[in-house]
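The values are calculated or read from the model by the stated rules, or taken from the named source; none is laboratory data. All values reported here derive from a predicted model rather than from experimental measurement. Note: ideal-geometry Cβ built from the backbone for every residue, glycine included; neighbour counts use all protein chains shown. Accessible surface is based on the protein model in full, side chains and every heavy atom, while ligands, DNA and RNA are left aside. Shrake-Rupley method; radii C 1.70, N 1.55, O 1.52, S 1.80 Å.
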Number of protein chains: 2
Amino acid sequence: MPKQVDYEERRLRIAEAVCALVARSGMEAVSLRDVAAEADVSMGAVQRCFRTKEDMLLFALEHISQRVSERADQRIAATSTPQAATTLLSHTLAELALLDEESRAQAHVWLAFVGHAPTSERLAAVLHETYAKLHDLVVWLIGYGQDTQEFPPHLDAVQEAHTLLAVADGLTVHVLAGHHSPETASAVLQRHVDRLAR
Amino acid sequence: MPKQVDYEERRLRIAEAVCALVARSGMEAVSLRDVAAEADVSMGAVQRCFRTKEDMLLFALEHISQRVSERADQRIAATSTPQAATTLLSHTLAELALLDEESRAQAHVWLAFVGHAPTSERLAAVLHETYAKLHDLVVWLIGYGQDTQEFPPHLDAVQEAHTLLAVADGLTVHVLAGHHSPETASAVLQRHVDRLAR
DNA sequence: TCTTTTCCGATGCACTTGCATCATAACCGC
DNA sequence: GCGGTTATGATGCAAGTGCATCGGAAAAGA
């Protein structure tokens, strides 16, 4: 058997490089050469990992998409001490909204991809799927809050989830655009969730 | 006096071309040549109107930014028949959220620019200013609703405006990403406004 | 050690980009 | 008309792009 290489690891590494570049200087700054340099591999290696540039970008999106979902799931799973559903919901949403400073890069990447979704069919598909997953998550959280009687039972979980997700994404945009600081955005979110609990 | 040309008109025309291109095939598709072709002028003309490409894009952003604001203002000013503050607010927000199909292009452009805001100082400034203006507008609308006693007086107009703007922008993103149709997005918005009126 | 198979990375290539240049055309006051 | 001024658009140019190519390096089994 000839030389073998851990492609999965390299792909991830390249995806990280893509994110770093997008976050630092926008999406147009992502050229194969730049990515290769950032990931500290040769251009040939990048071309071997991904057939085209679009494939590479798509993989990067799926990567951060997955990371965001995972983080949210973990936060919920890690609730060993029985936490108030209210704070669980607001914290999860804050996570999804990528508000903290270190998520700023991911938010930047995310938005860049959304901006390109109308252009690329495949990209749109990934986004659609991710949003559906997140929506389900939020619906579940609201239901949980209703079980613990923190949220009134007459709430329409599906509708509320739509609104909550919209608020979260809107705040992501606002923070990125400089209209909000992460703190004020977080406060807005918190307030909205508290309101649900009446 | 030599040949004179209506620069303002040409600038607007070019700005429209930029928007059309961005909407059609994303922001990377905007090259000086493409813009010139789309606007049906020569490349030299474009270069005469705008010193650099960045200037051109910035002007295009300011253009649509202004158009959106104007449309919202007009909708309010045109309220000859005394309209319910509730519907006035929700319609205005729907307008701002660029939900209808023909605003899709503008939404696309807007988002593209937001995505580039962290990169460009000047771009961020324009966005910041616009958001501030919109916020003031929504605050005023809520206050108006309180005057007509449609909204409870204890509402914190500033905070509610923040949430409303976030919902609107979030929905813009969701529609663009294919997570919502304009109709469902509009319904979510409507629901949220109705909720304010208790 | 040698062979074989995979991987690497440098180079080439056709193309596009933003911007500069400049001869020419279009215009206005005279 | 005519001179002087300004706008125009074709062309040039260097830099950068994604992708294809390919000789040889590297590793694992013989």
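Descriptive notes on the structure:
- Between the range A:149-176 and the range A:45-123, the alpha-carbon center distance in angstrom: 18
- Residue of chain B whose Cβ sits closest to the axis mapping B onto A, with distance in whole Å: B:G170, 2
- Cα-based radius of gyration of chain B once divided by 2.2 N^0.38 Å, which approximates compact folds: 1.15
- Using only alpha-carbon positions in the range B:122-198, the gyration tensor eigenvalues give semi-axes of 23, 19, 8 Å once each is multiplied by 5 and square-rooted (largest first).
- Angle of helix A:7-25 to the longest C-alpha principal axis of chain A, folded into 0 to 90 degrees and rounded to 10: 70°.
- Computed from Cα positions, the angle between helix B:157-176 and the longest principal axis of chain B comes to roughly 50 degrees.
- In the complete set of protein chains, residue-level accessible area for A:S181 is approximately 50 Å², probe 1.4 angstrom.
- Label point of B:A29 (7 Å along Cα→beta-carbon): distances to the other copies' equivalent points are 2.5 nm, sorted ascending.
- Under conditions of 37 °C and 0.692 mPa s, the range A:28-141 yields 208 µm² s⁻¹ as its translational diffusion coefficient, taking Rh as the Kirkwood radius over Cα pairs in the Stokes-Einstein equation.
- With R₀ set to 45 Å, the beta-carbon distance separating A:R71 from B:A77 gives a calculated FRET efficiency near 0.45.
- Solvent accessible area, Å² - A:E129, 1.4 Å probe, full protein context: 110
- Largest first, the residues A:V158, B:V139 sort by 1.4 Å accessible area into A:V158, B:V139.
- Residue-by-residue Karplus 3J(HN,Hα) for the range B:28-42, coefficients 6.51, -1.76, 1.60, Hz, glycine and proline x: 5, 6, 7, 10, 4, 5, 4, 4, 4, 4, 4, 7, 6, 10, 7
- Residue-wise HN-Hα coupling along the range B:130-137, computed from phi with Karplus coefficients 6.51, -1.76, 1.60 (Hz; x: Gly, Pro): 4, 4, 4, 5, 5, 4, 4, 4
- Only helices enter this figure: runs of n ≥ 4 DSSP H residues, each worth -39500 (n - 2.57), summed and divided by the residues of chain A, yield -24500 deg cm²/dmol at 222 nm to the nearest 500.
- Which of B:H108, B:H179, B:H154 is most accessible, then next, and so on - probe 1.4 Å: B:H154, B:H179, B:H108
- Taken residue by residue and averaged, Cβ atoms of other chains lying within 10 Å of the Cβ of A:177-183 number 6.
- Interface area, chains B and A: about 3500 Å² of buried accessible surface, summed, with a 1.4 Å probe and ligands, DNA and RNA left out.
- In nanometers and ordered shortest first, the copy-to-copy spacing of the A:D194 label point, defined 7 Å from Cα toward Cβ, is 2.7.
- Distances, shortest first, from the label point of A:D136 to those at the same position in the other copies read 4.6 nm; the point lies 7 Å along Cα to C-beta.
- Charge context of A:L111, other residues only, Cβ under 13 angstrom, K/R +1, D/E -1: -1
- Accessible area in square angstrom per residue, the range A:107-191, 1.4 angstrom probe: 36
- Carbon and sulfur %, accessible surface of chain B computed with the full protein complex present, 1.4 Å: 51
- Treating each Cα of the protein assembly as shown as an identical point scatterer and summing with the Debye formula, the log10 of I(q)/I(0) at q = 0.08, 0.11 Å⁻¹ comes to -0.46, -0.83.
- Accessible area of B:L123 in the full protein assembly, 1.4 Å probe (Å², nearest 10): 10
- Across B:A124, B:A23, B:A78, mean-square fluctuation computed from a Gaussian network of chain B (C-alpha pairs under 10 Å connected) peaks at B:A78.
- Relative to the longest principal axis of the Cα atoms of chain B, the long axis of helix B:85-96 makes an angle of roughly 20 degrees.
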